[in-house]
Amino acid sequence: MSQADVVVGGARAASPLWQLSLFRSEVTSVFRRWRTIALLGVLAAVPVLVGVAVKIETGGGGAAGHDGAGPAFISQVTNNGLFLVFTSLAATLPFFLPMAIGVVAGDSVAGEAHAGTLRYLLVAPAGRTRLLCAKYASTLVFCLAATLVVAVSALAVGALLFPLGDVTLISGTDVSFGEGLLRALAIAGVVALSLIGIAALGLFVSTLTNSGIAAMATTVGLLITVQIMDQFPQLHAVQPYLFPHYWLSFADLLRAPVYWDQLLDNARLQALYAAVFFSAAWARFTSRDVTS
Amino acid sequence: MEETATERAAIATRALTKRYRGGQTAVDRLDLFVPRGSVFGFLGPNGSGKTTTIRMLMGLVAPTSGSAEVLGAPMPGAVRRVLPRVGALIEGPALYGFLTGRDNLVRFDSADPTADPRTRAARVGAALDRVGLAAAAGKKARAYSLGMKQRLGLAAALLQPRELLVLDEPTNGLDPQGMREIRTLVRELAADGTTVFLSSHLLDEIEQVCTHAAVMARGRLLTQGTVAALASSARGRLAVTTPDTSDAVRVLKEQGVTDLVVVDDRVTGDAPGACELADLNAALVHARVRVRAFGTERASLEDAFVALTGEGFDVAG
Ligand SMILES: Nc1ncnc2c1ncn2[C@@H]1O[C@H](COP(=O)(O)OP(=O)(O)O)[C@@H](O)[C@H]1O
Ligand SMILES: [Mg+2]
């Protein structure tokens, strides 16, 4: 029997489950990159720096923190190491975390186009829509992983350097350490969710160019621009539509009862950005010529 | 019968045209017919539109106008149905430098939704064996030589049994030994019944392995057919061996033979199109030219190409 006979008469029968192979392959190739590990390493180092700085400052006999100075919750860290998780997430969410997402998302399609591997994925055939979905999904996995790296590193450093115990919420009520931990987990989830907008934006930028570097730089540049715009009182009218606008609303999970308004605003805004920019990425990617 | 024609065709295009955004027409109203089971040489100098044609056939770029069918289904519409049955090497290999050779193949195989994950490792191993890379499979691809990268690219095209293999300049950058290996591989695959579509700017390569060929220049198809027919369509040069070279030249000129060249005791020239060679010989003998040998030199594909374009082959870029 000749080789060709085996497959004559159409495509091989395929199980729908086999489609997941591409997603798994995307996730593994994101995490096997040296660059990804370096980004996660930097993110893991932030809580260490913050924790050590707080320890040194208080070890010198000075009062722990001053209200209004430094990242949120920093004054509570000395009393309860768990607060290092909240402080670290508040410190990394404005720039470090979204920058890492911008790098991974920006490189996702453009990097493969630059290397030429995109054409081989497409003739495999990955399918343009399926490939784009797998790219976005793996970027979202990275969002979650990056957030968890910050949270877990902060928890470890906090437990090592500071006492752990009952958590005093912003609203003044005390909850057990266990519940505090659960709230920390929920906050990590909200922070990861806060990143899906910029992930979609980065994916879209990535479909526009054949240079991974250009796509990463553009995405990070957009992030910085938008963050600056969010600070100007004159731009008050547009700020509710800027994707980072409600990012720090995760602190509302540390109230009893929880303030849901801004948390929901954030979720809606992220979903909107994700839908708009993923659609734009799809429209672009499914119609473009792949010549690199 | 249109239908049976397309069934017999591994590739059939109709007035296929591509203008890139720069405005230049890279492929101009191409009508290509690649029979199933052939080893088809797609010949043309650099910049003649070979890669652009292959990109359209593989659904990577959209044609500006015209249509293409691959394995009987329209492209790019039937990409997901057709491409699992096609292996391709386009514009040289492209690999993930941070992955090993084996993991590169695993990645490309994972991208094929018709590839069974349970047999993935075995198929990857077989493809590595087939191109002789088994020993280097654990090395990072960035450490591969160009020849090894080319082989790994070929291995990716051979992960599944294919009905059609599309190889865009597969011997580019290889040493003579590597070129020979690729040719052997192509012959083996063809013997298995796989249609091989092979682009090249090297004439002798096409002549050595192909049963059929098409010739491109500046985006246009000049001719296509079996290699034998193409070569014979260019008439070989008339060659006469004689001690009386000056008389021979005079007589042949009278008979309408052009471009006469004398080297030692050999006279060669282009016989006019409608001309019986026996009459030329008779004229020579009649004029008492002593003829030691008389005949035509076998025409090569290169002669055919020169006849078609009026220029040498490796001219452009
Ligand atoms: N991505 C592109 N954008 C614009 N022009 C292109 C592009 N790719 C190729 N061309 C042009 O199209 C023509 C055909 O190129 P190509 O198909 O690569 O030829 P070949 O493979 O025969 O060398 C060339 O003139 C080339 O400059
Ligand atoms: Mg080419």
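The values are calculated or read from the model by the stated rules, or taken from the named source; none is laboratory data. What you see is a predicted model, and the numbers here were worked out from it, not measured in a lab. Positions of Cβ are generated from backbone atoms using ideal geometry, with glycine treated the same way; all protein chains shown enter the neighbour counts. Ligands, DNA and RNA are excluded from the accessible area calculation, which covers all protein heavy atoms including side chains. Shrake-Rupley method; radii C 1.70, N 1.55, O 1.52, S 1.80 Å.
The single residue among A:LEU121, A:LEU140 that is free of Cβ contacts under 8 Å to residues at least 12 places away in the same chain and either basic (Lys, Arg) or assigned to a helix (DSSP H, G or I) (or both) turns out to be A:LEU121. Out of B:LEU165, B:LEU174, one residue alone is touching a Leu at 6+ places or on another chain (Cβ under 8 Å) and either modelled with pLDDT under 90 or exposed (fewer than 15 other Cβ atoms within 10 Å of the Cβ) (or both). It is B:LEU174. Taking the criterion of being at pLDDT below 95, among the aliphatic types (A, V, I, L, M) and within 20 Å of the chain's Cα centre (by Cα), would at least one residue in the stretch A:166-173 satisfy it? Checked the stretch A:166-173: no residue is at pLDDT below 95, among the aliphatic types (A, V, I, L, M) and within 20 Å of the chain's Cα centre (by Cα). Among the residues of the stretch B:86-119, those that are more than 8 Å from chain A (Cβ to nearest Cβ) and over 24 Å from A:GLY111 (Cβ atoms) comprise B:GLY87, B:ARG118, B:THR119.
Scan the stretch A:267-290 residue by residue and report those that are buried (at least 18 other Cβ atoms within 10 Å of the Cβ) and either within 14 Å of chain B (Cβ to nearest Cβ) or not in a helix (DSSP H, G or I) (or both). Give the steps one after another, and end with the answer.
Applying the first criterion (buried (at least 18 other Cβ atoms within 10 Å of the Cβ)) to the stretch A:267-290 yields A:269-270, A:273-274, A:277-278, A:281-282, A:285, A:290.
Across the stretch A:267-290, the qualifying residues are A:PHE285, A:VAL290.
The test for being closer than 30 Å to B:GLU69 by Cβ, within 7 Å of another protein chain (Cβ to nearest Cβ) and surrounded by 23 or more Cβ atoms within 10 Å (Cβ to Cβ) holds for B:LEU83. The residue that is farthest from ligand 1 (Cβ to nearest atom), among those in the stretch B:38-65 that are at the interface with chain A (Cβ under 10 Å from one of its Cβ atoms) and in a loop (DSSP other than H, G, I, E, B), is B:GLY59.
Considered as a group, the residues in the stretch A:196-213 that are at pLDDT below 95 and assigned to a helix (DSSP H, G or I) include one that is most open to solvent (accessible area, probe 1.4 Å), and that residue is A:ILE213.
Anything in the stretch B:108-158 that is in a loop (DSSP other than H, G, I, E, B), of a type in the set (A, V, I, L, M, F, W, C) and open to solvent by less than 10 Å² (accessible area, probe 1.4 Å)? List them, or say none. Can you show your working first?
Let us first name the residues in the stretch B:108-158 that are in a loop (DSSP other than H, G, I, E, B), namely B:111-116, B:131-133, B:137-139, B:144-145, B:158.
Imposing the further condition that a residue be of a type in the set (A, V, I, L, M, F, W, C) reduces the set to B:111, B:115, B:131, B:133, B:137, B:158.
Hits for the stretch B:108-158 are B:ALA111, B:ALA115, B:LEU133, B:ALA137.
Residues of the stretch A:113-129 that are within 9 Å of chain B (Cβ to nearest Cβ) and open to solvent by less than 30 Å² (accessible area, probe 1.4 Å): A:GLY116, A:THR117, A:LEU118, A:ARG119, A:TYR120, A:LEU121, A:LEU122, A:VAL123, A:ALA124, A:PRO125, A:ALA126, A:GLY127. Scoring B:VAL257 on the criteria (1) more than 16 Å from ligand 1 (Cβ to nearest atom); (2) touching a helix residue (DSSP H, G or I) at 6+ places or on another chain (Cβ under 6 Å); (3) more than 14 Å from chain A (Cβ to nearest Cβ); (4) open to solvent by less than 10 Å² (accessible area, probe 1.4 Å) leaves a single failure, condition (2).
B:ALA73 passes every criterion in (1) within 9 Å of chain A (Cβ to nearest Cβ); (2) out of contact with any strand residue (DSSP E or B) (no Cβ under 7 Å at 6 or more places or on another chain) apart from (1).
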